[in-house]
Amino acid sequence: MTKIVNHWIGGKTAEGTSGTYGPVTDPATGEVTTKVAFASVEEVDAAVAAAQEAYLTWGRSSLAKRTSVLFAFRALLDAHRDEIAELITAEHGKVHSDALGEVARGLEIVDLACGISVQLKGELSTEVATRVDVASIRQPLGVVAGITPFNFPAMVPLWMFPLAIACGNTFVLKPSEKDPSAAVRLAELLSEAGLPDGVFNVVHGDKLAVDRLLAHPDVKAVSFVGSTPIARYIHTTASANGKRVQALGGAKNHMLVLPDADLDAAADAAVSAAYGSAGERCMAISAVVAVGAIGDTLVEKIRERAEKIKIGPGNDPASEMGPLITKAHRDKVASYVADAAGEGAEVVLDGTGHTVEGHEGGHWIGISLLDKVPTSAKAYQDEIFGPVLCVLRTETYEEALDLINASPYGNGTAIFTRDGGAARRFQLEVEAGMVGVNVPIPVPVGYHSFGGWKDSLFGDHHIYGNDGTHFYTRGKVVTTRWPDPSDAPTGIDLGFPRNH
């Protein structure tokens, strides 16, 4: 019997009533294993109404109450991390160790939310005038929504809702319809942790559900992670409806390798960052820029390592890389490799014909490595979101920097060098929101914020860290004057007048 994933509204499972369902496949076999209910406008409204009702009490609850629930949730999430990783592998396809790593990174934000009392401390200035004090405080927004992608079905929601609910908001999550089960399991664990009904809700669906969240008058803010075209649409539409928006878009992350770099370390890093998670991550290194005469040596070292990667089902402990999420996505990724030679690139490795014995119906693609890629090639210009690495050549650091900064994306970047001066110059001159120095994927820890520049971010706030707290709250300044007790009438007094 095919599994059915339903909504989670008001603290319990809500069976879909729209009659519309989407297929969820096992990427390793290509078989449809699950149906997910798609929400109607009425079902989205029901989730928002449940969140709005819960906000009346949750928004006024004590910090101690909120953090006690989050501490309990953290313990449950830690205890069930293997189970959640298995759900991710079954629907996304990534290997189990990678799925476990995703849960671990999400736990970092739960840790941050457990300590939210420090982030929410206000400020006080006394005696700004005679007996006048000024205080600044931060208060929750109300109902907020999260719209999350398929590539990290647990981690990206965990980037959002722990901070949002810790700040006193209530939350409606619309996860990817391609791998929805992890989101529902998180909802169940939150309920088990003691979160009041309606504080966290999950609705599944497609554009209809998204558009209703963007238009609903009771939704005060929207967080999004996904492709740049959709991020731009989310930002434009939600902002036009008066909502606060943080919309993280796509990327084309460059790794600059200078001639003095440790080329073995650089090759290790390039392979890990380009092909981990099958390249389906916005922080993947998809372009290596080799400076000077090191290009041939570096490409050969990358090729040697890439050819050894074990590709197979995510639930096989021997697998290092799994399949892509859907057949359509697999075919799109393959098309970039097929067209690369005609666009002037040298195809060093072509993984488009890869299959896995016993799993021939899976969405398989092997490792592809393209060298001497011109900037005009689509494989360089587009976010491929698959295991395809482009290598570009430049003669100088300045030429490489100009190439990187000319990209419309500015999510993450990295430099590999032994020269501290060059690294310092790069981190100041490169136009990207996250920079790694001999670190290929510079995803910050939970107490620093994550976000890019240019077409990689729409909105003023990055996600999690201090920016996350500020996004999910709004400031208020209170100016107070109280009469001094000595000002109170004291009746008749024939003595000397009192001076203040």
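Got at least one residue in segment 407-415 being of a type outside the set (S, T, N, Q), open to solvent by less than 20 Å² (accessible area, probe 1.4 Å) and either out of contact with any helix residue (DSSP H, G or I) (no Cβ under 8 Å at 6 or more places or on another chain) or within 18 Å of Glu307 (Cα to Cα) (or both)?
Within segment 407-415, one or more residues are of a type outside the set (S, T, N, Q), open to solvent by less than 20 Å² (accessible area, probe 1.4 Å) and either out of contact with any helix residue (DSSP H, G or I) (no Cβ under 8 Å at 6 or more places or on another chain) or within 18 Å of Glu307 (Cα to Cα) (or both).
Would you point out which residue out of Glu398, Glu431, Glu383 is within 17 Å of Val333 (Cβ to Cβ), open to solvent by 10 Å² or more (accessible area, probe 1.4 Å) and not β-branched (Val, Ile, Thr)?
Result of the check over Glu398, Glu431, Glu383: Glu383.
Return the only residue of Asn151, Asn169 being in contact with a strand residue (DSSP E or B) (Cβ under 6 Å, 6 or more places away or on another chain), within 30 Å of Phe38 (Cα to Cα) and polar (S, T, N, Q).
Asn169
From (1) in contact (Cβ under 8 Å) with a residue 40 or more places away in the chain; (2) under 19 Å from His470 (Cα atoms), pick out the condition that doesn't hold for Ala182.
Condition (2) is where Ala182 drops out.
How about segment 172-209: which of its residues are surrounded by fewer than 24 Cβ atoms within 10 Å (Cβ to Cβ) and among the β-branched types (Val, Ile, Thr)?
Val184
Restricting attention to segment 332-348, which residues are in contact with a helix residue (DSSP H, G or I) (Cβ under 6 Å, 6 or more places away or on another chain) and either open to solvent by 50 Å² or more (accessible area, probe 1.4 Å) or touching a residue at least 40 places away in the same chain (Cβ under 8 Å) (or both)? Full working, then the answer.
The first filter runs over segment 332-348 and keeps only residues in contact with a helix residue (DSSP H, G or I) (Cβ under 6 Å, 6 or more places away or on another chain), leaving 336, 340, 347-348.
If the condition is that a residue be in contact with a helix residue (DSSP H, G or I) (Cβ under 6 Å, 6 or more places away or on another chain) and either open to solvent by 50 Å² or more (accessible area, probe 1.4 Å) or touching a residue at least 40 places away in the same chain (Cβ under 8 Å) (or both), then Tyr336, Val347, Val348 are the ones that fit.
Please go through segment 1-19 and pick out each residue that is open to solvent by less than 70 Å² (accessible area, probe 1.4 Å) and part of a loop (DSSP other than H, G, I, E, B).
Selection gives Thr2, Asn6, Gly10, Gly11, Gly16, Ser18, Gly19.
Name the strands (runs of 3 or more DSSP E) wholly within segment 206-257 that hold at least 2 residues that are aliphatic (A, V, I, L, M) and free of Cβ contacts under 8 Å to residues at least 12 places away in the same chain?
none
Out of all the residues in segment 282-307, which are among the charged types (D, E, K, R) and either farther than 19 Å from Gly366 by Cα or open to solvent by less than 20 Å² (accessible area, probe 1.4 Å) (or both)?
Within segment 282-307, Asp296 is the sole residue that qualifies.
Considering only residues that are under 10 Å from Val388 (Cβ atoms) and open to solvent by less than 20 Å² (accessible area, probe 1.4 Å), which ones fall in segment 349-365?
Within segment 349-365, Gly351, Ile365 meet the criteria.
Can you pull out the residues in segment 434-449 that are open to solvent by less than 30 Å² (accessible area, probe 1.4 Å) and either of a type in the set (A, V, I, L, M) or under 20 Å from Trp159 (Cα atoms) (or both)?
Matches in segment 434-449: Met434, Pro442, Pro444, Gly446.
Just to be sure I understand, how many residues within segment 282-315 are under 22 Å from Gly101 (Cβ atoms) and touching a residue at least 40 places away in the same chain (Cβ under 8 Å)?
12
Among the residues of segment 450-480, count how many are at pLDDT 95 or above, of a type in the set (D, E, K, R) and either open to solvent by 60 Å² or more (accessible area, probe 1.4 Å) or over 30 Å from Lys252 (Cα atoms) (or both).
Here the count works out to 3.
Where in segment 55-171 are the helices (runs of 4 or more DSSP H), entirely inside, with at least 3 residues that are open to solvent by 50 Å² or more (accessible area, probe 1.4 Å)?
In segment 55-171, the matching helices (runs of 4 or more DSSP H) lie at 63-79, 81-92, 96-114, 116-119.
Quick check on my filter: what residues within segment 258-281 are surrounded by fewer than 21 Cβ atoms within 10 Å (Cβ to Cβ), among the charged types (D, E, K, R) and touching a residue at least 60 places away in the same chain (Cβ under 8 Å)?
Those that are surrounded by fewer than 21 Cβ atoms within 10 Å (Cβ to Cβ), among the charged types (D, E, K, R) and touching a residue at least 60 places away in the same chain (Cβ under 8 Å): Asp260, Asp262.
Limited to segment 226-259, what total is found for residues that are aliphatic (A, V, I, L, M) and touching a Ser or Thr at 6+ places or on another chain (Cβ under 6 Å)?
3
Under 6 Å by Cβ, and 6 or more places apart or on different chains, what pairs join a residue from segment 368-387 that is on the phi > 0 side of the Ramachandran plot with one that is open to solvent by less than 10 Å² (accessible area, probe 1.4 Å)?
So the pair list comes out as Phe385/Glu280.
Residue by residue, here is whether (1) outside any helix (DSSP H, G or I); (2) in contact with a Pro (Cβ under 7 Å, 6 or more places away or on another chain); (3) modelled with pLDDT of 95 or more holds:
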residue	(1), (2), (3)
Ser272	no, yes, yes
Val288	yes, no, yes
Thr297	no, no, yes
Lys301	no, no, yes
Arg305	no, no, yes
Ser319	yes, yes, yes
Ile325	yes, yes, yes
His329	no, no, yes
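Can you tell me which of (1) closer than 23 Å to Thr417 by Cα; (2) open to solvent by less than 60 Å² (accessible area, probe 1.4 Å); (3) of a type outside the set (Val, Ile, Thr) is the one Gln246 doesn't meet?
All conditions are met except number (1).
Could you grab me the full set of residues in segment 316-331 that are in contact with a helix residue (DSSP H, G or I) (Cβ under 6 Å, 6 or more places away or on another chain) and surrounded by fewer than 17 Cβ atoms within 10 Å (Cβ to Cβ)?
none
May I ask you to list the residues in segment 21-48 that are free of Cβ contacts under 8 Å to residues at least 40 places away in the same chain, surrounded by fewer than 19 Cβ atoms within 10 Å (Cβ to Cβ) and farther than 16 Å from Ala90 by Cβ?
Tyr21, Glu42
The values are calculated or read from the model by the stated rules, or taken from the named source; none is laboratory data. As the structure is a computational prediction, the values presented were derived from the model and not from experiment. No Cβ is skipped: glycine too gets one built from the backbone with ideal geometry, and neighbour counts run over all protein chains shown. Each accessible area value is taken on the protein alone, full model and side chains, heavy atoms only, with ligands, DNA and RNA left out. Shrake-Rupley method; radii C 1.70, N 1.55, O 1.52, S 1.80 Å.
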